[in-house]
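The values are calculated or read from the model by the stated rules, or taken from the named source; none is laboratory data. All of these numbers come straight from a predicted model, not from anything done at the bench. Here the Cβ is made from the backbone with ideal geometry for all residues, glycine too, and neighbour counts use every protein chain on show.
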Amino acid sequence: MLEKPAIAGGTPVRDTRIFYGHQCLDDADCQAVMDVLKSDYLTCGPKIEELEQKLCELTGAKYAVAVSNGTAALHVACLAAGIGEGDEVITTPITFAASANCALYCGARPVFADINDKTYNIDPESVRAHVTGRTKAVVAVDYTGQSTQLDELLEICREHGLLLITDGAHSIGTKYKGRPTGSIADMTTFSFHPVKTVTAGEGGAVMTNDRALYEKLMLFRTHGITRKPELMSRESGDQGTIGSWYYEQVDLGYNYRMTDIQAGLLISQLNKLEKFKARRREIVKKYDEAFLQIPQVTVQQEIPESDTTRHLYILRINPEKLTIDRKQFFDALGAENVCCNVHYIPVYYFPYYQKLGYQKGLCPKAEKLYEEIISLPLYYGMSDQDVDSVIAAVKKIAAYYAR
Ligand SMILES: *Cc1c(COP(=O)(O)O)cnc(C)c1O
């Protein structure tokens, strides 16, 4: 007799609900925040520089610019890249809307390339097929934490004079051919939202090795204002009348600063990145081993070049082998008290993008993927028992509704 899923009247695999993600904060994190609160600087202080230094050490990038969130990081990266009216920016539809919105903020048009249907990352060949005379940059997303095919993407970008921006919101700690995310693309952005591997509450950063891009990122972070004489327009003859208070706004920037409170928390979180990474890996391995045995689901493939810190675990159902669809599978997991999510709805499905003229059918592989995916719980604080109950729920549902 097959065990009945809770949604069909059986007993759930667990009595408490588990969610797809949760931050992990300890006493050291709380103390780090307290220390900043008692210090002289709540913002624009020494914790920002310390954080930027730490991010450089961690990624091997020359420069880091801490900003208020991952979306702001993408926006200043696009501004620094000189993206503007009439330009095109190629990205993937399987991402959070911010990866495409950053092009719209600059007056440019996002162009969606399709994905590789095994790794779910942007397909370099599809990127190549979408390059036009107007293309200025590629925003490639390390979806679930797995690195994109950076060599192939860089080759296309160099060939056509485009900048490569990696949206690394999922991939802090990941390496490509042994080099950390953040040191390879022209710019890499991070997000430190609470669902990500390490958190600042809200926070983001842009990494680059290019001095000129770095100077621009710093300007766009704070209003386009500078105190650096070499960036100012004042005449040398003004020297006598201009005091140390003097600064200039030389471009139109924003207030995208991170506070020292956030930086203090993030520095403390980054001290635990290796630990977080190892546990996430362990959980992914358990899931992979279990799900490879079940023909009703498919496991995400990894390129050998990527040494991945996994942010999301994607369960892909195999509709030909099931009598239920993704929504029914998702609801059945919920009834087992395994509360999942879906990452992502293709960006151009949203009404805002539809109004801009994007139509369904643009990226068939991405659209098919969207119909079949469920994000399972994956975070540092999960116990082995939690992991086992998630596996048990998936197995029970897959067996009961097998075709
Ligand atoms: C979280 C996320 C962002 C945005 O980051 P915020 O810090 O929430 O602004 C951008 N891109 C991807 C892929 C993300 O997952």
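Worth a mention:
- Identity of the residue in the range 149-170, among the small types (G, A, S) and in contact (Cβ under 8 Å) with a residue 24 or more places away in the chain, that ends up nearest to N209 (Cα to Cα): G168
- Given (1) over 25 Å from Q296 (Cβ atoms); (2) surrounded by 21 or more Cβ atoms within 10 Å (Cβ to Cβ); (3) away from the ligand (no atom under 16 Å from the Cβ), number of the condition Q359 does not satisfy: (2)
- Some residue of the range 87-98 being closer than 21 Å to N255 by Cα and either more than 23 Å from the chain's Cα centre (by Cα) or more than 16 Å from the ligand (Cβ to nearest atom) (or both): no
- Residues of the range 146-181 that are part of a loop (DSSP other than H, G, I, E, B) and of a type in the set (S, T, Y): S147, T148, S171, T174, T181.
- Residue count, the range 184-222 (criterion: in a strand (DSSP E or B) and either free of Cβ contacts under 8 Å to residues at least 12 places away in the same chain or within 16 Å of the ligand (Cβ to nearest atom) (or both)): 9
- Tally, over the range 371-383, of residues that are surrounded by fewer than 22 Cβ atoms within 10 Å (Cβ to Cβ) and either touching a Leu at 6+ places or on another chain (Cβ under 7 Å) or small (G, A, S) (or both): 3
- Only one of the numbered conditions (1) closer than 19 Å to K360 by Cβ; (2) within 14 Å of the ligand (Cβ to nearest atom) is not met by V111, and that is (2).
- Condition check for D288: more than 27 Å from T181 (Cβ to Cβ), acidic (D, E) and surrounded by fewer than 22 Cβ atoms within 10 Å (Cβ to Cβ): no
- Unmet criterion (only one of (1) under 22 Å from T309 (Cβ atoms); (2) surrounded by fewer than 22 Cβ atoms within 10 Å (Cβ to Cβ)) for G173: (2)
- Long-range neighbours under 6 Å by Cβ, at least six apart or interchain, first residue surrounded by fewer than 16 Cβ atoms within 10 Å (Cβ to Cβ) within the range 384-403, second of a type in the set (S, T, N, Q): A402/Q296; R403/T323
- D167 vs. criteria within 13 Å of the ligand (Cβ to nearest atom), of a type in the set (D, E, K, R) and touching a strand residue (DSSP E or B) at 6+ places or on another chain (Cβ under 9 Å): yes
- Boolean, V138 is at pLDDT 95 or above, assigned to a strand (DSSP E or B) and either within 16 Å of the ligand (Cβ to nearest atom) or surrounded by 24 or more Cβ atoms within 10 Å (Cβ to Cβ) (or both): yes
- Test set (1) surrounded by fewer than 17 Cβ atoms within 10 Å (Cβ to Cβ); (2) out of contact with any Phe, Trp or Tyr (no Cβ under 9 Å at 6 or more places or on another chain); (3) assigned to a loop (DSSP other than H, G, I, E, B) - R14 fails condition number: (1)
- Residue check, G334 under 25 Å from V195 (Cβ atoms), of a type in the set (G, A, S), within 21 Å of the chain's Cα centre (by Cα) and at pLDDT 95 or above: no
- Residue list for the range 58-76, filter: among the hydroxyl-bearing types (S, T, Y) and near the ligand (Cβ under 8 Å from one of its atoms): T71
- Close pairs (9 angstrom Cβ cut-off, 6 or more residues apart or separate chains): without any contact (Cβ under 8 Å) to a residue 12 or more places away in the chain and in a loop (DSSP other than H, G, I, E, B) in the range 292-309, of a type in the set (K, R) and surrounded by 13 or more Cβ atoms within 10 Å (Cβ to Cβ) anywhere: Q293/K395
- Filtered by the rule that a residue be buried (at least 24 other Cβ atoms within 10 Å of the Cβ) and over 22 Å from C24 (Cα atoms), the range 190-215 gives V206, M207, T208.
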